[in-house]
Amino acid sequence: MTDPALSDHAPAALDRRAGTDRSGEPVTLAESLMSEAGWGPENFGREGPNPPYLRIGGKLWVSLTEFEPCFASFRRDRGPFRSKVAIADHLAKYDAIMIDPLAFEECFGPGEGTETVFPFGAWLTIRGVGFGGLELWGKRQGAVTLPLDALAVASAIWLRRKGSEPQSGPT
């Protein structure tokens, strides 16, 4: 059964998973996790005004000295599926990110999705990932940090593949 919250995203993600669409068009974070990590609609949360949602968590390595920020599924592992995807590894496949103001509004409250808070609607280069947030760079903005919490609104985060230059932003 298809989740209505993801129905607009599922066909494109399934095409990319099958290898039929590598056009370099921007994708949402939800679409990228479906195509690159094999997630399905059941791995995302649907409670809220702008689904799909994901959890931000961490992964403790065997050495017990390294803790890595991860995207976490709303559903736990029950077999070979991986419910945690390292944020750094996943975003390494993309060179730029664009944030919709909805991500800030939902995470930090009304009025937080303004240009004085963050450079929304601009493609920003991904430079690094840490628990302090995503380190980004914009030609006009300079160094910017995106709090990891904003990534939980997977429908409001847009990613662009390396080597692609879209003509315009997402609609």
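Observations on the structure shown:
- Å² of accessible area per residue within region 100-157, as computed with a 1.4 Å probe and no ligands counted: 50
- Equivalent ellipsoid, region 97-157 (semi-axes from 5 times Cα gyration tensor eigenvalues, Å): 17, 13, 10
- Net charge of Cβ neighbours under 10 Å - reference Lys93; Lys, Arg +1; Asp, Glu -1: -1
- Per-residue packing, averaged as other Cβ atoms within 10 Å, sorts the ranges 119-125, 148-154 into the order 148-154, 119-125, beginning with the highest.
- Put simply, the amide H of Trp39, placed in the peptide plane, has neighbours under 5 Å in Met34, leaving out anything fewer than 5 places away on its chain.
The values are calculated or read from the model by the stated rules, or taken from the named source; none is laboratory data. Only a predicted model underlies this, so the values are computations on that prediction, with no experimental measurement involved. Using ideal geometry, Cβ is built from the backbone for each residue, glycine included, and neighbour counts are taken over all protein chains shown. Side chains are part of the model used for accessible areas, which takes the heavy atoms of the whole protein and leaves out ligands, DNA and RNA. Shrake-Rupley method; radii C 1.70, N 1.55, O 1.52, S 1.80 Å.
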